[in-house]
Amino acid sequence: MIARVIVAALVFLIALLTYPGALAVSLATRFTPAPATSPGPQGPLPWLHVAHPRGDMPYIADDQGRMVLLHGSIPASLLEFGPGTGSAYSIDPVVYADGRCPPNSPSSRYPPLCQADLAAMAALGFNSVRLPISWSLLEPERGRFNTTYLDRVAQLVDWAGALHMYVIVDMHQNAYSHFVAAGTDVDLGTNSGAPGWATITDGLPSRVYQRQRELNPAVLEATTNFWYDRDGIQDEYIAALAFVAKRFRDQPIVAGYGVYNEPLFGWNLPPGFEDLLLFPFYRRVIDAITGVHDGLPCWSGFFMPAVCGYRDLGVDDRRHLLFLEPGLLRQVTDFPTHLGLPISSYPNLVLTLHAYTHVFTIEQLLGQKPRTATYPWGGFDQTYGFAKREAQAMAAGLFVSEFGNSPADDDLLLTAQVREQELHLTGFAQWPWKENGAGWGMYKPPNSPQDSSGCLHVSRERLLARVYPRATSDPHLTFRYDSGTGAFSLTATGRAGDAPTIVYVPAEDRGPIATSGSATSSVEAGDDGSRTISTSPTGGNFTVSIGPGTLDLKGCP
Amino acid sequence: MLGLLALPFGVFAPFAILSGARSWRRIHESGGEVQGLTSAVAGLVAGLLALVAFLIGTIYWLVAS
């Protein structure tokens, strides 16, 4: 009899800790009412949230309920890479005040990030910036947060706000940390993320296999220890993110937070990695920051199973977006590696896609060329089509938080990606803004060591300084921009009284603007030569178009 | 064992159910000669739990996505 009770208890316990428990908690969040919130303080930009139309795809929306498309780039200059400790550039905001900019460091892969960079982004029509930060700089010593680093982030937020750009603060990592040991084929200059005290490798060797920085036993072990909350390091990460969220709690310029960049599975297999470790971790972060209680009350400080929620850390932030990435394996396969279970009752969740088709997808590991690749079978559309389904199942909006490629492949890869983003109505963040050497930046490498960059890649200017709707009341609108001629057409439907659809036209495009159908329209010229078309529906279909012409491109080939 | 494995790795669920059900039948038919009823039932229940969880999860995906 005792044996039967013990076995029954064991089955129940394992069921609770694994899929049956995870499923029950996930489905419960689907039926839990969204937490109450209050309007935030007014700022230079409206607060964003995720709208949830019944039976339809959620989307990022502004305070008038309009779908908002965010276009932006990703400066990597605030990250700490290895070897050693310390940012390549000062994190003291004073160094950057009044338009000052430190000289470019040849030892850094990325140039410094200065006020002029934000202005250049805005001039290309970017209305957002994804700003990666390093946990290792935020919490270099356990339990002690670096307020100077946050001051530097706040400085960038202020600059962005003055340019009417949103900031997505992104807790970044690459191959877990640069505090894993040096070893065969290990380039610590590409690793970032966790501080040394949170990098527990258990003595496993640090060496890279298949030239993939993530395929390193020390990295996989350290990552696994994070997911299993060894020594409470996951608790510290949640506390670090809460510290950031507390600083910007009332700041609408901060669109939200990227909770964890490119989550590596460690030694765990999908779909269990995402469904039982990653997504429950996201739920705990949400519980901690927002004060909702979606998971079960549990201990903290060591392994927390999937059913566990997290205590309220007193931030009470219920206004910001939380950008959540699926696991890295999903990003490199362009295929869902999880069940798409709902994570939280908190409504402002955005599933983020890293769209690296034919760049990092698995057929590239097999040496295939992009133009003749046999995978993904669904082409560039595959990852977007699946991502929309994943996001809808998780009751989240969708955003491309990273994509990029070598400038030599812009005609194929970048062209295809921006077209897919138009078709699927997703915003984007392009990786990276600037890069020293022959990298993927928007700009060519610097001509002298002091310069932060060479000239703008004309192919990038052509493709990314785009005409696009920044806000619209019709979440089903369709639009198409021809980066060869500058021609643009948008078709939408609206009711009389709906908030206007705002179309941004960069200075590069001088084509004639026309509006037809059931709408009235006005055009406002910007100081930088850009134009903004505001179209108010009067009830019915309307179109906004720009005729073809010659683009006024400033970059160099 | 298959049943316990099925809970985190649902792919084992059908095998756990099959194995548990077969063992249960053999134990019943042996008239007390073959032992292990507790393990057989535990494997069967765990396999069924895992299968139900995965079926619900899959149906949710199909309906909600």
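Pull out all pairs, ordered by first then second residue, where Cβ-Cβ is under 7 Å, the residues are six or more apart or on different chains, the first lies in the range A:393-418 and is assigned by TED's automatic domain parsing to the domain that holds residue A:353, and the second is charged (D, E, K, R) and in a strand (DSSP E or B).
A:401/A:130
Among B:36, B:47, which is farther than 16 Å from residue A:24 by Cα, within 12 Å of chain A (Cβ to nearest Cβ) and either touching a residue at least 60 places away in the same chain (Cβ under 8 Å) or surrounded by 20 or more Cβ atoms within 10 Å (Cβ to Cβ) (or both)?
Residue meeting the stated conditions: B:47.
Looking only at helices (runs of 4 or more DSSP H) that lie completely in chain B, which have at least 3 residues being β-branched (Val, Ile, Thr)?
B:37-64
Each row is one residue, and each column tells you yes or no for (1) assigned to a helix (DSSP H, G or I); (2) under 14 Å from the mean Cα position of the chain (by Cα); (3) closer than 21 Å to residue A:454 by Cα; (4) at pLDDT 95 or above.
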{"residue": "A:389", "(1), (2), (3), (4)": "yes, no, no, yes"}
{"residue": "A:392", "(1), (2), (3), (4)": "yes, no, no, yes"}
{"residue": "A:399", "(1), (2), (3), (4)": "no, yes, no, yes"}
{"residue": "A:411", "(1), (2), (3), (4)": "yes, no, yes, yes"}
{"residue": "A:416", "(1), (2), (3), (4)": "yes, no, no, yes"}
{"residue": "A:426", "(1), (2), (3), (4)": "no, yes, no, yes"}
{"residue": "A:432", "(1), (2), (3), (4)": "no, yes, yes, yes"}
{"residue": "A:435", "(1), (2), (3), (4)": "no, no, yes, no"}
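Does the range A:324-331 include one or more residues that are closer than 24 Å to residue A:31 by Cβ, in the same structural domain as residue A:417 (by TED's automatic domain parsing) and in contact (Cβ under 8 Å) with a residue 24 or more places away in the chain?
For the range A:324-331, residues closer than 24 Å to residue A:31 by Cβ, in the same structural domain as residue A:417 (by TED's automatic domain parsing) and in contact (Cβ under 8 Å) with a residue 24 or more places away in the chain: present.
State yes or no: is residue A:382 under 20 Å from residue A:174 (Cα atoms), more than 14 Å from every other protein chain (Cβ to nearest Cβ) and assigned to a helix (DSSP H, G or I)?
Criteria not met by residue A:382.
With respect to residue B:12, determine if the residue is of a type outside the set (S, T, N, Q) and either more than 28 Å from residue A:390 (Cα to Cα) or more than 11 Å from chain A (Cβ to nearest Cβ) (or both).
So residue B:12 passes the test.
Mind listing whichever residues of the range A:158-179 are assigned to a helix (DSSP H, G or I) and either under 16 Å from the mean Cα position of the chain (by Cα) or among the aromatic types (Phe, Trp, Tyr) (or both)?
A:159
Specify which of the listed residues (A:131, A:138, A:118) is touching a helix residue (DSSP H, G or I) at 6+ places or on another chain (Cβ under 8 Å) and touching a residue at least 60 places away in the same chain (Cβ under 8 Å).
That would be A:138, the only listed residue that is touching a helix residue (DSSP H, G or I) at 6+ places or on another chain (Cβ under 8 Å) and touching a residue at least 60 places away in the same chain (Cβ under 8 Å).
Any residue that is part of a loop (DSSP other than H, G, I, E, B), surrounded by fewer than 24 Cβ atoms within 10 Å (Cβ to Cβ), among the aromatic types (Phe, Trp, Tyr) and away from every other protein chain (no Cβ under 14 Å) - is there at least one of those in the range A:347-362?
yes
Which is outside the structural domain of residue A:412 (by TED's automatic domain parsing), farther than 17 Å from residue A:164 by Cβ and surrounded by fewer than 17 Cβ atoms within 10 Å (Cβ to Cβ), of A:512, A:475?
A:512
State whether one or more residues within the range A:180-200 are part of a loop (DSSP other than H, G, I, E, B), in the same structural domain as residue A:248 (by TED's automatic domain parsing) and within 22 Å of residue A:104 (Cα to Cα).
Checking the range A:180-200: at least one residue is part of a loop (DSSP other than H, G, I, E, B), in the same structural domain as residue A:248 (by TED's automatic domain parsing) and within 22 Å of residue A:104 (Cα to Cα).
Answer yes or no: is there a residue in the range A:304-312 that is in the same structural domain as residue A:392 (by TED's automatic domain parsing) and at positive phi.
No, the range A:304-312 has no match at all.
For residue A:335, all conditions in the list (1) assigned to a loop (DSSP other than H, G, I, E, B); (2) away from chain B (no Cβ under 14 Å) hold save one; what is the number of the exception?
Here residue A:335 clears every test but (2).
What residue, of A:534, A:516, A:530, A:489, is over 23 Å from residue A:457 (Cβ atoms) and touching a residue at least 40 places away in the same chain (Cβ under 8 Å)?
A:489
The values are calculated or read from the model by the stated rules, or taken from the named source; none is laboratory data. Just so it is clear, the model here is predicted, and its values are computed rather than measured. FYI the Cβ positions are ideal-geometry reconstructions off the backbone, even for glycines, and counts take in every protein chain you see.
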